[in-house]
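The values are calculated or read from the model by the stated rules, or taken from the named source; none is laboratory data. Quick caveat: nothing in here was measured; it's all calculated off a predicted structure. Heads up, the Cβs are rebuilt from the backbone with ideal geometry, glycines too, and the neighbour counts pull from every protein chain shown. When the accessible area is computed, the model is the full protein with side chains, heavy atoms only, and any ligands, DNA or RNA have been set aside. Shrake-Rupley method; radii C 1.70, N 1.55, O 1.52, S 1.80 Å.
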Amino acid sequence: MKILRDFSHVEDASAWPSQNDGVMGGVSTGQAEMRNGILRFFGEISLENNGGFAQVYSPTEKSDFSDFSQVRLRIKGDGRTYQFRMATEDRFRGSRIAYRSEFATEDGEWTELTLPFDSFVPSHHGRILSGPELDLTSVRQIAFLLADGNAGEFDLQV
């Protein structure tokens with residue numbers, strides 16, 4: 001097992017900027033906070049103005065995960081379904097493709113989950129694409145996103 005992100009000594013959330021639906025006129029909010037070795041992704045989803053998503057992401061230098069078959073997360077959620085996303089240099093219509101895997105959370109419970117890399121699907125602006133396959137040799141970004149179609153507050157801890 002290789003640790004991708006260890007938050008135990010990090011208290012600065014600036015490495016996890018947010019990108020919310022305001023980029024297309026929505027009014028959802030989402031942000032990251034680091035406290036006591038935990039990444040907290042929280043905010044409020046609004047469906048106004050055709051909105052409905054919030055994301056925090058961490059750019060990585062070009063990383064090679066080809067020796068691995070899965071990612072393991074320890075999370076505490078709120079009962080909503082989130083996405084763990086990875087981006088490579090692959091593009092569709094000029095912007096990055098996101099390879100995503102969804103995971104459900106239990107309200108107020110810490111759980112560990114495993115997301116096999118072969119379960120990740122390519123998507124672009126919320127739409128599933130037929131390809132290309134995830135190139136684990138050139139991961140450039142990892143992210144957490146909420147876009148479950150439900151308005152309201154959210155809170156995910158990693």
With the 8 Å Cα cutoff and a minimum separation of six or more residues, the chain has a relative contact order in percent of 28
The chain: longest segment with zero exposed GluC sites (Glu not before Pro), where exposed means DSSP loop plus at most 15 other C-beta atoms within 10 Å, is residues 12-105
In nm, to one decimal, how far is the modelled label at Thr81 from the one at Met24, with both set 7 Å along Cα→Cβ?
1.8
If you roll a 1.4 angstrom probe over the protein chains with everything in place, what fraction of the accessible area of the range 21-93 belongs to carbon and sulfur, to the nearest %?
40
Give me the accessible area of Phe120, 1.4 Å probe, in Å² rounded to the nearest 10.
20
Cβ under 15 Å from Phe53's Cβ, Phe53 left aside: what net charge do those residues give with Lys, Arg +1 and Asp, Glu -1?
-2
Label-point separation in nm, Val121 to Thr137, each point 7 Å along Cα→Cβ:
2.7
So, R0 is 22 Å and r is the distance between the beta-carbons of Asp67 and Leu113; what FRET efficiency does that work out to, to 0.05?
0.60
Using a probe radius of 1.4 Å on heavy atoms only, what accessible surface per residue do you get for the chain? Whole Å² is fine.
55
Under a GNM of the chain (C-alpha, springs under 10 Å), which listed residue has the highest mean-square fluctuation: Ala147, Ala98, Ala54?
Ala147
Mind ranking Asp21, Asp107, Asp148 by accessible surface for me, highest first, 1.4 Å probe?
Asp107, Asp148, Asp21
With springs connecting C-alpha atoms under 10 Å apart, model the chain as a Gaussian network and identify which of Gly108, Gly77, Gly51 has the largest mean-square fluctuation.
Gly108
